[in-house]
Structure formats: C-alpha cells, structure tokens
Amino acid sequence: MPRLLLTLVLLTIFHYSQAGIIRGKVTNDKNDALPFASVFIKGTTNGTTTNAAGQFHLDVPAGNYTLVCQYMGYKKSEQQVTMTAEDQVINFTLSPLSLQIKEVIVKSGGEDPAYAIIRQAIRKRSFYLDQVKEYTCNDYIKGVFKMRDMPGSFLGKKIGAQDVEEMGLDSSRTGVLFLSESMTKVAVRRPDDVKVEVLSARQSGGGFGFSFPAFIDFYENNVTAMVSQFSKRGYISPISENALFYYKYRLEGVFQDDGKTVNKIKVIPRRKYEPLFSGYIFITDNDWRIHSVDLMVTQEYQLEIMDTLHITQIHVPVNADVWRTKDQVINVTIKQFGFNVAGSFVNVYSNYNLNPGFSKKYFDRTIMRYDTAFDSKELAYWDSIRPVPLEPEELTDFRKKDSIAIARKDSARSQWRLDTLKARQSPVKPGQILYSLGGAEHNFYFRRDTGIYAHVLSMKSLLSQMEYNTVEGVVLSVEPEVNFSLPGNQQLRVIPRFRYGFSNGHLNAYTFVSWGKEARLAGRHGYNTWTAGGGKRVSQFNRDNPVSPIANIFYTLLFKDNYMKLYENWFGELRFRRRFQSSAVISAGLSYEDRIPLQNTTDFSFRKDSSKQLLPNHPYELAGVPFERNQALVLNLAFSFQPGQRFIELPDRKVAIGSKYPVFRIAYSKGIPKIAGSDADFDKWNVEVKDNINLRLLGEFKYRFGAGGFLNSKQVDIPDYQHFNGNQMFYNIKYLNSFQLAPYYRYSNTAAVFGAANVEHHFNGLLTNKIPLFNRLKWNLVAGSNAFYVNRDNNYVEVFAGLENILKVIRVDVIAGYQSKEDTRIGVRVGFGGLFGGFIRPQQDDIAQ
C-alpha cells in the first residue's frame with residue numbers, strides 16, 4: 001500500500017509539472033469587474049468562466065496558445081500566451097461593442113430588419129437542433145443560494161437565533177444557504193438519451209449537491225429544462241416555429257466576431273401573461289445560428305415561485321460547422337413571504353466529442369451515476385479542476401460548514417453531542433397536547449457505536465382528533481405513536497389508538513406494530529415492511545373513508561346530514577409490503593373482522609327544522625341489503641408498477657426518479673369461508689392504470705382508468721362491496737379517485753364486471769391568460785369528467801369545469817352529474833389545487849387503517 005501511494009504521488013507531481021495556471025481578472029474600460037465572462041483557448045471549448053468578482057484561473061498544458069475572452073455586449077479580446085510550468089497572470093480589459101445599424105431602408109409601415117433575420121433563424125432551427133446526433137462533454141456546475149433578507153417568523157412560528165445558526169447564516173440573518181460544485185461527464189444521443197457520470201461533487205456541510213446539467217436549448221420550440229419546474233407549460237423559444245405570433249423583434253445593431261457578422265436582436269413579448277422570454281438573442285449572418293442569448297422570464301410571464309429567472313449563454317465553434325454552448329449562467333431571485341433569496345447556477349461545458357461512438361447498450365435506464373469516490377476528493381483536487389474561482393464568501397462557507405460537519409461527525413458518538421441535543425430540545429407544553437395543530441413530539445436521544453440516534457414519541461392534539469357523529473356522539477380520541485430507531489437502519493413503529501364515544505359509551509382500542517427494514521433481493525435494494533395489528537375499532541363501510549370527520553361534524557350539526565356510516569369490529573391483521581428500487585410495490589395481507597352493526601344514539605343538531613330528520617346509520621341507499629353481525633376472513637394481494645423507470649445510481653443503490661409510462665395496479669381479494677367462523681365467500685378483482693401527461697403549452701392531462709368485479713359473490717357483506725367514492729358535501733379533495741356529486745353508497749354493487757374512468761385537464765394558464773384579472777391572479781382553468789358503468793340501471797357520468805390556483809392552493813369546480821334514471825344534478829365543490837394545493841392530501845395513516 002505505501003508503494004502504491006508513493007506511485008500515485010509521483011504521478012500527480014509529474015502531471016502538474018507539465019501544466020501551469022493562468023490567473024487573471026476581466027474588467028471593462030472603467031475598471032468594473034465583468035462577472036461570468038468566458039475565457040477559453042482559441043479553437044477549443046476548453047476554458048473557464050469568471051466569478052462574480054471577474055476573477056478566473058485556467059489550467060493550461062505547456063505550449064503556445066491564443067487566449068480568448070468574451071463577454072456579452074463587449075468586444076472579444078485575444079492574447080497570445082506561452083505556457084511553461086510557471087503560473088502566469090493575464091488580465092483582460094474589454095471595451096463596449098460599437099454596434100452598427102445595417103443600411104436597410106424601412107419604408108413607412110414596413111417591418112424592422114430583425115424579422116427577416118429571425119425568419120431565417122426559424123428556417124434553420126430544426127437543422128441545428130438535429131445537427132449533432134450524439135456527443136459527450138464535461139460540465140462543471142456550481143450552484144449557490146444566498147439569503148439577503150428574512151422575516152422574524154414564518155406561518156406563526158418564530159425564526160430564532162438557533163434556527164438561523166442551523167441554516168448557516170450570520171447574526172444579520174444573511175449569508176449562503178446552499179453551495180455546491182460538481183464535475184460531470186455528459187453523454188447525449190438525440191432525441192431522448194442522456195447519461196451523466198458524476199465524477200466528483202461536494203456541498204458545503206455535506207450532501208450530494210446539484211449535479212444534473214441544465215441543458216437549455218433555444219433551438220427547441222418549447223424550452224423546458226430548468227424553467228419547467230416553475231412553469232409546467234415551459235417557455236416559447238424566440239426562434240420557435242410560431243415565434244412570430246408571440247414576439248416582436250427589433251434590430252439593435254450588428255458587430256463583427258472572428259469575421260462573422262452578429263446581429264443583436266431585442267426580443268419583446270407581444271402580450272403579457274404568456275410563457276415568453278424577453279431580452280436579447282444574437283444571431284449570426286448567413287448561417288443564421290445562435291451566437292449567444294441574454295433572456296429573462298418574470299412573474300408577468302407565468303413564472304411561479306421565483307420573481308425572475310435570467311439565462312445567459314455563449315456559444316462557440318467546436319469545429320468549422322458545429323457550435324455548442326460554452327458557458328451558461330442562470331440567475332434567480334425569490335421574494336416570497338418576507339424571504340429574499342438570490343441564486344445562481346453556472347455551467348461550464350468543455351471537451352466536446354462529436355463522434356463518441358456509443359455502444360448499443362451504452363444508454364440504459366440509469367441516467368445519472370455517481371462515482372464511488374465522488375465525495376472523497378481533497379481540496380487540492382478541487383483547486384486544480386475548478387474552472388470558476390470561488391468567491392471569498394464561498395470559500396468561507398465551504399471552510400466553515402465543512403469544519404462544522406467534520407466536528408459533528410467526530411462528536412457524533414460523544415457524550416457532549418448527546419447532552420447538547422438533549423439540552424436544545426424544548427419540553428412538551430400542555431397546549432401542544434390539548435389544541436396545537438402540530439401536536440406534541442419528544443425525542444429520546446441515545447448513543448450507539450455508529451452515532452447518536454433517537455426514539456420519537458409523538459401525539460396528535462386532543463382537539464384536532466375530536467369528532468361528532470350520530471352513532472357515538474362526541475368522540476374523544478387519543479392517538480400517540482412511538483418510533484424506535486433500531487440498528488441496521490431498521491424502524492419499529494408502535495401505533496396505539498384509543499377512542500371513546502360519549503353518547504353510546506363505547507370504548508374502542510387497538511394497536512398496530514410495524515417493522516421496516518432495508519433489504520436486498522437478488523442483489524437489488526428494496527424496503528420491506530411487516531405490520532401486525534388488532535383490537536376493536538370503528539370503521540366506515542367504505543374503507544376509502546369518503547367522508548372526512550371534520551366535514552361530517554359540519555354537515556351533521558349545521559344541516560342535519562349525517563353522511564358518515566359506521567360499524568364496529570373486533571379485528572386482527574397481518575400485512576407485508578415490499579417496495580422495490582424500481583418503485584414497484586407488492587403487498588399481501590390477511591385480515592379477520594368480527595363485524596358489529598351500530599345504531600344512532602343521538603339526534604343532536606344545531607338545525608332545529610323538524611321537517612328534516614337525521615337518517616339511520618345503515619346506508620340508506622342500501623336499505624334493501626341487510627347488515628347483521630358477521631365474520632370475515634379476507635386475503636388481500638396487490639401489485640403496482642411503472643415500466644420504463646429511470647434511475648439515479650448512487651454508490652450503494654439505485655433511486656427511481658420516474659418514467660414516461662403510466663402506473664399499473666392489479667389487486668385481488670379473497671373472502672375465505674368456514675375458517676374461524678368466517679361467513680365471507682367471494683373473489684374480487686381490480687385493475688387500474690393512471691398517469692399525468694405534461695403537454696407543455698397545451699397543459700397537463702391526468703387520467704385514471706379502472707375495471708373490476710366479482711368472480712364469485714356467494715356471500716358478500718356491505719364492507720366488501722365494490723364502492724365508488726361519492727361526495728355529497730361542498731368539500732372535495734379526492735380528485736381522480738371520486739365522483740363529485742354521486743351519493744356515497746347508491747352505486748355500490750357485487751357485479752361481475754364494472755368500468756370506471758376519471759380524467760381531468762389542467763390548462764395551466766392556457767385560455768385564462770387572455771382573460772383580464774384572471775391572468776393577473778394566475779387562476780387556471782381545469783375541466784374533466786368522471787364516469788363508471790356497471791349495467792343499464794347502475795351507471796353514472798359527470799362533467800365539470802373549474803378554476804384552480806386561487807391563492808395558489810384553492811380549486812373550485814362546477815359539476816353536472818347524470819344518471820340514466822334520474823334528473824341531472826348541478827353542484828359546486830371546493831378543494832385544493834394549483835401550485836401548492838396539489839401537495840395537500842387527505843390525512844390518512846397508511847398503517848393504522
């Protein structure tokens with residue numbers, strides 16, 4: 001081993017003795033620094049980019065070169081350099097471009113000469129898009145976010161000094177929030193194949209950083225990379241096929257660059273509230289290719305979350321015929337909820353190979369792979385390969401946060417670290433247990449050989465779990481949970497539940513115990529979960545729980561509409577679930593229930609209208625179907641998968657990141673008779689396919705198609721029926737899994753076959769961006785239909801249209817529902833939808849059900 005280390009050291013010394021470093025600074029004629037200027041060796045794509053202070057350094061092998069410095073809006077400058085092993089200092093002072101206007105006579109009412117240039121660029125767009133079928137290159141990426149201002153509290157929670165310290169900010173609550181750099185090798189084969197090899201990456205304080213190149217290609221009709229995360233429709237390129245319908249252009253002037261005439265064209269959106277850029281695009285004469293871009297999008301043009309997104313690119317020749325992006329800088333600003341954040345992502349592309357000769361199997365479903373030693377590089381390595389010098393603030397951030405991370409790692413098993421964590425933990429307050437929305441939580445820290453861990457005790461507040469229904473009256477629930485951290489990344493959850501109804505006097509209590517562990521199968525990573533539970537509980541007849549407790553309280557007390565229908569059951573369950581690294585999930589469970597009917601025990605309501613009566617607890621739509629005490633032993637099997645899954649490959653595992661194909665699910669339930677007194681005797685099947693399809697400018701289409709039925713229905717009780725998720729309340733959130741105006745149990749059945757479909761289209765600004773006020777508020781149209789068919793007497797269809805993204809979270813639909821034997825229903829439903837509303841889901845424990 002010492003001999004090997006000595007050999008590596010000697011090789012390293014030899015390598016660096018053959019190269020030198022050019023350092024310097026780029027300024028203008030007023031001595032102002034020019035940030036993100038491009039500096040490269042003429043005739044190649046090997047180069048660097050200046051930092052925010054205009055500084056650069058570049059590793060150059062020994063030899064004679066021409067060094068080129070280029071900055072948008074300034075004359076290109078060249079300097080001859082002879083490199084030896086000695087470092088050199090070369091500074092550039094750039095002069096502003098002296099733009100000349102072409103001698104073009106524009107008659108009264110004629111068009112600007114920019115339009116003729118743009119038409120030529122549009123004609124050549126597809127040629128340049130497909131000119132290079134495959135290539136490789138290196139890409140250095142540096143990403144940084146800086147906090148410039150922040151509020152003292154957020155969502156009612158104070159942001160204290162400890163929180164500021166944890167974020168890595170200084171006492172003035174400013175500083176670097178996030179900083180990372182990486183060196184990657186990128187392989188591309190058009191139209192869709194990409195593979196990124198992360199050779200090295202680091203994040204201040206530890207982590208993977210940001211290592212995926214942001215390929216923003218303005219030869220595409222619809223620019224999606226980077227910007228699509230903030231506008232699902234993407235943005236229309238200034239040289240797209242239909243660009244003339246969306247943009248106006250003005251020729252600002254022309255200049256010469258290496259014998260080529262370059263046209264500076266101002267890009268002006270024709271209308272606000274369309275997904276459009278503004279700024280400048282530079283097009284070369286005769287070959288009509290992109291020379292560089294300086295474009296911006298803002299919130300007036302459908303940008304969400306961020307206030308501005310500014311993109312600059314410089315393209316340079318790779319050979320006599322092909323130009324590629326050399327430097328790309330993305331600057332963002334975010335001013336939301338009192339936070340003021342500025343960020344930038346710098347990409348420096350180099351070493352283009354336009355004839356890589358990929359093997360047939362080179363591109364697979366792994367689109368990003370981290371080298372096994374990606375995060376173990378020394379500082380000397382980063383100083384040698386980094387093309388963009390770090391700024392003083394960034395150097396300090398790396399040094400400070402890395403030191404803290406090392407200190408924490410070294411002290412991870414220390415008594416001091418354990419005592420610190422215990423001392424920093426706030427005690428549980430009575431208000432958290434009684435009424436807090438977040439409930440209460442306490443960590444029990446302890447040491448192992450591998451570090452500090454914690455068992456976690458949490459509990460929902462008593463007020464948040466209070467309910468009212470006509471069966472139990474006022475209900476008080478106590479719902480604690482204990483999470484045990486076990487050796488080997490194992491997790492044990494113990495979830496007891498206690499529920500008391502003050503009207504019927506019933507105490508129900510049960511417990512679930514769940515054990516989860518990472519496990520490999522055939523060498524592939526996955527996660528196994530075993531769950532066992534038992535006791536006595538109250539359940540809705542439809543296990544999808546279509547009626548939420550809080551909505552039931554509101555409707556029962558104010559309108560005398562008791563939609564929630566319940567039964568009691570003694571039960572025992574055993575379940576197994578495995579999630580594969582492909583995101584496929586297989587589950588199997590065996591459950592036993594002793595089911596007990598329940599009756600209303602209270603008729604209290606604030607509404608005193610005697611003409612309206614509360615309904616019995618038995619589903620009134622199934623009045624002809626008796627429900628008496630029965631026992632059911634049921635086997636449940638399910639498998640879901642998404643073909644074509646793509647992966648990020650880490651040194652020890654693969655992580656699935658999605659696919660262009662739908663998600664498929666197959667399920668089967670078997671009622672097993674004559675065991676433990678079980679009355680159930682049925683075979684039930686279900687298949688389902690669902691997907692979200694982003695159609696870019698046309699919006700996003702979502703669908704869910706399903707079919708199922710009973711192969712055998714000798715003995716089926718109401719909880720085992722095929723139920724459709726109806727909704728008779730003003731509130732709805734189970735989009736694509738419900739029927740917004742359908743009664744809850746009217747269409748429940750035991751038919752051999754049924755079919756169901758849920759579709760909705762989110763226009764994401766299409767159409768509404770042309771309506772005054774709506775476009776300013778960014779309210780978006782959504783429309784769709786829900787339908788199922790069992791037979792001629794049992795079918796239902798509804799169509800709806802609505803607005804979403806109201807206050808970024810609210811969605812309002814108007815629905816018309818039709819059943820072949822009934823009058824058409826018209827209703828309004830309010831739920832969550834839009835930028836943040838889509839993240840709100842019904843509160844449902846995936847274990848304690």
Of (1) without any contact (Cβ under 8 Å) to a residue 60 or more places away in the chain; (2) under 28 Å from Leu736 (Cα atoms); (3) of a type in the set (Val, Ile, Thr), Ile672 fails just (2)
Do we find that Arg447 is more than 28 Å from Phe498 (Cβ to Cβ), touching a helix residue (DSSP H, G or I) at 6+ places or on another chain (Cβ under 7 Å) and not assigned by TED's automatic domain parsing to the domain that holds Ala53 in this structure? yes
Which of (1) part of a strand (DSSP E or B); (2) exposed (fewer than 14 other Cβ atoms within 10 Å of the Cβ) does Ala454 not meet, given it meets every other one? (2)
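Can you give me the number of residues within segment 575-629 that are among the hydroxyl-bearing types (Ser, Thr, Tyr) and more than 39 Å from the chain's Cα centre (by Cα)?
6
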Somewhere in segment 164-179, is a residue in contact with a helix residue (DSSP H, G or I) (Cβ under 6 Å, 6 or more places away or on another chain), part of a strand (DSSP E or B) and more than 26 Å from Val132 (Cβ to Cβ)? yes
Quick one: which of Ser436, Ser350, Ser426 is surrounded by 13 or more Cβ atoms within 10 Å (Cβ to Cβ) and not assigned by TED's automatic domain parsing to the domain that holds Val198? Ser436
Go through the residues of segment 681-696 one by one and say whether even a single one is surrounded by fewer than 16 Cβ atoms within 10 Å (Cβ to Cβ), farther than 25 Å from Ser582 by Cβ, modelled with pLDDT of 95 or more and of a type in the set (A, V, I, L, M). no
Can you tell me which condition Gln79 does not meet? The list is (1) under 42 Å from the mean Cα position of the chain (by Cα); (2) of a type in the set (S, T, N, Q); (3) assigned to a strand (DSSP E or B), and all the others hold. (1)
Would you mention how many residues in segment 799-816 are surrounded by 21 or more Cβ atoms within 10 Å (Cβ to Cβ) and within 19 Å of Ala756 (Cβ to Cβ)? 3
Among the residues of segment 127-181, the number that are of a type outside the set (Phe, Trp, Tyr) and touching a residue at least 60 places away in the same chain (Cβ under 8 Å) is 26
Can you name the residue in segment 505-530 that is more than 29 Å from the chain's Cα centre (by Cα) and crowded, with 17+ Cβ neighbours inside 10 Å and, of all such residues, is farthest from Phe576 (Cα to Cα)? His506
Residue match in segment 560-568 (condition: more than 15 Å from Asn617 (Cα to Cα) and either in the same structural domain as Arg595 (by TED's automatic domain parsing) or modelled with pLDDT under 95 (or both)): no
When segment 586-645 is examined, which residues are found to be surrounded by 18 or more Cβ atoms within 10 Å (Cβ to Cβ) and either free of Cβ contacts under 8 Å to residues at least 12 places away in the same chain or in a loop (DSSP other than H, G, I, E, B) (or both)? Leu598, Asn600, Thr602, Ser605, Asn617, His618, Pro619, Phe627, Gln642, Gln645
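Do we have Arg537 as within 28 Å of the chain's Cα centre (by Cα), surrounded by 16 or more Cβ atoms within 10 Å (Cβ to Cβ) and at pLDDT 95 or above here? Walk me through how you get there before you give the answer.
On the way: within 28 Å of the chain's Cα centre (by Cα): no; surrounded by 16 or more Cβ atoms within 10 Å (Cβ to Cβ): yes; at pLDDT 95 or above: yes.
Spelling it out, it is not the case that Arg537 is within 28 Å of the chain's Cα centre (by Cα), surrounded by 16 or more Cβ atoms within 10 Å (Cβ to Cβ) and at pLDDT 95 or above.
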Residue list for segment 361-399, restricted to those being surrounded by 14 or more Cβ atoms within 10 Å (Cβ to Cβ), farther than 28 Å from Val188 by Cα and not acidic (Asp, Glu): Leu390, Thr396, Phe398
Return yes or no: is Gly234 of a type in the set (Gly, Ala, Ser) and in contact (Cβ under 8 Å) with a residue 60 or more places away in the chain? yes
If Glu472 satisfies all but one of (1) surrounded by 12 or more Cβ atoms within 10 Å (Cβ to Cβ); (2) farther than 30 Å from Ala52 by Cα; (3) out of contact with any strand residue (DSSP E or B) (no Cβ under 6 Å at 6 or more places or on another chain); (4) not β-branched (Val, Ile, Thr), what's the number of the condition it fails? (3)
Are there any pairs, at least 6 apart or on different chains, whose C-beta atoms fall under 6 Å, with the first in segment 324-347 and closer than 12 Å to His310 by Cα and the second surrounded by fewer than 17 Cβ atoms within 10 Å (Cβ to Cβ) and among the acidic types (Asp, Glu), and if so, which? Thr333/Asp307
Matching strands (runs of 3 or more DSSP E) fully within segment 664-781 where at least 2 residues are among the β-branched types (Val, Ile, Thr) and either more than 27 Å from Gln645 (Cα to Cα) or in the same structural domain as Asn542 (by TED's automatic domain parsing) (or both): 681-694
Segment 353-449: helices (runs of 4 or more DSSP H) wholly inside it with 1 or more residues that are farther than 30 Å from Lys25 by Cβ are 392-410, 415-424, 430-434
Name the one entry in Arg233, Arg189 that is charged (D, E, K, R) and surrounded by fewer than 20 Cβ atoms within 10 Å (Cβ to Cβ). Arg189
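Considering every residue within segment 509-520, establish whether at least one is within 24 Å of Pro597 (Cβ to Cβ) and either assigned by TED's automatic domain parsing to the domain that holds Arg577 or in a strand (DSSP E or B) (or both). Working first, answer last.
Step one: of segment 509-520, the residues within 24 Å of Pro597 (Cβ to Cβ) are 509-510.
Those left that are additionally either assigned by TED's automatic domain parsing to the domain that holds Arg577 or in a strand (DSSP E or B) (or both): 509-510.
Yes, that holds for at least one residue.
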With the requirement that a residue be modelled with pLDDT of 95 or more, among the hydrophobic types (A, V, I, L, M, F, W, C) and outside any loop (DSSP other than H, G, I, E, B), what does segment 485-508 give you? Leu492, Val494, Ile495, Phe498, Leu507
Got a sec? Which of Gln55, Gln80, Gln70, Gln88 is exposed (fewer than 11 other Cβ atoms within 10 Å of the Cβ) and at pLDDT 85 or above? Gln80
Quick check on segment 202-216. Is at least one of its residues under 24 Å from the mean Cα position of the chain (by Cα), assigned by TED's automatic domain parsing to the domain that holds Ser240, among the charged types (D, E, K, R) and over 27 Å from Ile290 (Cβ atoms)? yes
Looking at segment 495-509, can you tell me whether even one residue there is in contact with a helix residue (DSSP H, G or I) (Cβ under 9 Å, 6 or more places away or on another chain) and charged (D, E, K, R)? no
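The values are calculated or read from the model by the stated rules, or taken from the named source; none is laboratory data. What you see is a predicted model; the values in this text were computed from it and never measured. Backbone-built Cβ (ideal geometry, glycine too); neighbour counts: all protein chains shown.
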